[in-house]
Amino acid sequence: MDRMASFLRSLAVSSSVAALAGAGALAAKSLQARGEESVRPVLHGGRTPRILVAGGGYIGLYTATTLRKHLGRQDAEIAVVDPRPYMTYQPFLPEAAAGSIEPRHVVTSLRRELKGTSVLTGSITEIRHAERKAVIKPVNDDPAYEVTYDHLVVGLGSVARTLPIPGLAENAIGFKHIEEATALRNRVLNKLAEAASTWDAEKRRRMLTFVFVGGGFAGIEAIGEVEDMARTATKEYDSIDAEDLRFVIVEGAGRILPELGEELGGYAIEQLRERGVEIHLNTFLNSCVDGVVELSTGEKFEADTIVWTAGVKANPVLANTDLPLDARGRVRTNASLQVVNEDGTVVEGAWAAGDNAAVPDLTSSDPAATTAPTAQHAVRQGKQLGENLARVLHGEEPEEYRHENIGTVASLGLYKGVAQIMGVKFRGPLAWFMHRSYHVLAMPSFERKVRILADWTEALFFRRELVSLAALQNPRAAWEAAAASGSKPAAPGVAPAAAGAKIADKSDAAKVAEKK
């Protein structure tokens, strides 16, 4: 065991050093390329074109960054609109939920990264592309306003695909944003603390039951990391054993991690079941009213924590636009990421990519296939879209997006993982190493790469941080309680000393009671 632990620590250190060196090389190469680039004239008819980027996720960040690399401020005005002032790197949400990475290191500031670009904090509620207008609703109570543009980039992404299941909206939590990952971490740790402080066996069992609905990457990586954290946390409690925890996966299909194939998916099932995780395949969640979980198999139990990771759908705001959509509510595009009508004609001035776009997959033998909603595609499509829009503004033809998936990686917890790279299958610590190495290199900004590597390096020498900050969900609770406990004003004519005497009398009475 000591040799294995030493090997894993060495492996992790090597990962940190190699990833840091690779990140530095990439950053240097990028800066060199930017310095050598020649700026070509932009065809805009005498007026600076306005580019509106709807969404500040993968598409918004990488498109705006690429555009600004090719276009000076005099060539184009670029504005990015998103309700959050940062971009979230979602593949690291499970590690943020488990405390392996500081939550702030999983996000990238849009304003810091997008120099020379306007960042508007708000939500796009309507797009009238025929008029080249979009409606933006600020995050506060200010009234909505309109903005005009010449070119539109639609990168509104996706939202959780919820179903009309009784109790789901009231009792479950999603897993798409850093706020949700942080809330899940605090909830799990807080439930352990509550369970250790109750004598009620039924309440205790309910508090220590955690249900994850969905067996894709988000659900499996989340339960793998969070279960690992919770198991470690039980060592700090005398009254809770790891066997007291109940983690449950509910998946409607017959396997998990379908992108990795049956062999690696089966291996993941074996690994999770060895850790005591219950996996219900070909099973659906029928109800969770008041935390009472009812499965399609007829099984019923109670759980205080229900996490919904059962897929995504295109942002529903797209229905409030005049852009052509497919049957799944996604914006229709061609392989060049230009928005097209059903007959294939290009909608001038409109571009789309990412989860909210039906981008043809040129690497598939199926002519109707579209690219999967993954971070791997979104990052590359964002860069390609920026390149293509810059080409059009320079009077050139756009290029088609084509990317063949070279591999897939997934974490199942600390030192555990599965991966398939160019058809070769990996499992265990090596797959976990590949998972971390790939994603830290894909993380936007050199600064964030270094911060994440520092988090991992610190974890080699210090124990996992297991403090719950559940009070963050309601930061005013303590203040409101203090304000409510304030003494009422004394009645007219009553001296303050009298009030003090009453308090002293109560204290004396308490002492007498204790003596008796």
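The values are calculated or read from the model by the stated rules, or taken from the named source; none is laboratory data. Only a predicted model underlies this, so the values are computations on that prediction, with no experimental measurement involved. FYI the Cβ positions are ideal-geometry reconstructions off the backbone, even for glycines, and counts take in every protein chain you see.
For the range 309-316, does any single residue satisfy the condition of being touching a residue at least 60 places away in the same chain (Cβ under 8 Å), under 30 Å from ALA130 (Cα atoms), of a type in the set (A, V, I, L, M, F, W, C) and buried (at least 16 other Cβ atoms within 10 Å of the Cβ)? Yes, the range 309-316 has at least one match. Every residue in the range 199-245 that is surrounded by 23 or more Cβ atoms within 10 Å (Cβ to Cβ) and of a type in the set (Asp, Glu), please. Within the range 199-245, GLU221, GLU225, GLU227 qualify. Only residues that are modelled with pLDDT of 95 or more and assigned to a strand (DSSP E or B) were counted in the range 274-312, giving 17.
Has the range 231-243 got any residue that is touching a Gly at 6+ places or on another chain (Cβ under 6 Å) and not in a helix (DSSP H, G or I)? Steps first, please.
Quick first cut of the range 231-243, residues touching a Gly at 6+ places or on another chain (Cβ under 6 Å) only: none.
Looking through the range 231-243, none of the residues is touching a Gly at 6+ places or on another chain (Cβ under 6 Å) and not in a helix (DSSP H, G or I).
Out of the range 446-469, which residues are part of a helix (DSSP H, G or I) and of a type in the set (Phe, Trp, Tyr)?
Going residue by residue through the range 446-469, those that are part of a helix (DSSP H, G or I) are 446-459.
Selection gives PHE446, TRP456.
Against the definition (assigned by TED's automatic domain parsing to the domain that holds TYR62 and either within 21 Å of the chain's Cα centre (by Cα) or on the phi < 0 side of the Ramachandran plot (or both)), how does LYS137 come out, yes or no? Yes: the conditions hold for LYS137.
Scanning the range 99-135 for residues that are in contact with a strand residue (DSSP E or B) (Cβ under 8 Å, 6 or more places away or on another chain), more than 17 Å from GLY57 (Cα to Cα) and buried (at least 20 other Cβ atoms within 10 Å of the Cβ) returns ILE127, ALA134. Among what's in the range 379-402 and is surrounded by 20 or more Cβ atoms within 10 Å (Cβ to Cβ) and either aliphatic (A, V, I, L, M) or modelled with pLDDT under 95 (or both), pick the residue that is nearest to THR48 (Cα to Cα). Filtering first and then ranking leaves LEU393. Contact annotation: residue pairs with Cβ atoms under 8 Å, 6 or more positions apart or on different chains, pairing a residue in the range 126-155 that is without any contact (Cβ under 8 Å) to a residue 60 or more places away in the chain with a partner that is of a type in the set (Asp, Glu), are LYS133/GLU146; VAL135/GLU126; VAL135/GLU146; ILE136/GLU146. Annotation: of all residues in the range 325-357 being buried (at least 20 other Cβ atoms within 10 Å of the Cβ) and in a loop (DSSP other than H, G, I, E, B), the one that is farthest from the chain's Cα centre (by Cα) is SER336. Do we find that PRO492 is farther than 23 Å from ASP228 by Cα, modelled with pLDDT of 50 or more and either assigned to a helix (DSSP H, G or I) or over 29 Å from the mean Cα position of the chain (by Cα) (or both) in this structure? In short, yes.
Among the residues of the range 370-389, write down those that are under 17 Å from VAL339 (Cα atoms) and in contact with a Ser or Thr (Cβ under 7 Å, 6 or more places away or on another chain).
From the range 370-389, those under 17 Å from VAL339 (Cα atoms) are 370-371, 378, 381-389; that's our starting set.
Scanning the range 370-389 gives GLY382, LYS383, LEU385, GLY386, GLU387, ASN388.
For beta carbons closer than 7 Å, sequence separation of 6+ or different chains, a first residue in the range 157-170 that is more than 25 Å from ARG84 (Cβ to Cβ) and touching a residue at least 60 places away in the same chain (Cβ under 8 Å) and a second that is of a type outside the set (Gly, Ala, Ser) and part of a loop (DSSP other than H, G, I, E, B), the qualifying pairs are ILE165/CYS288; GLY167/CYS288.
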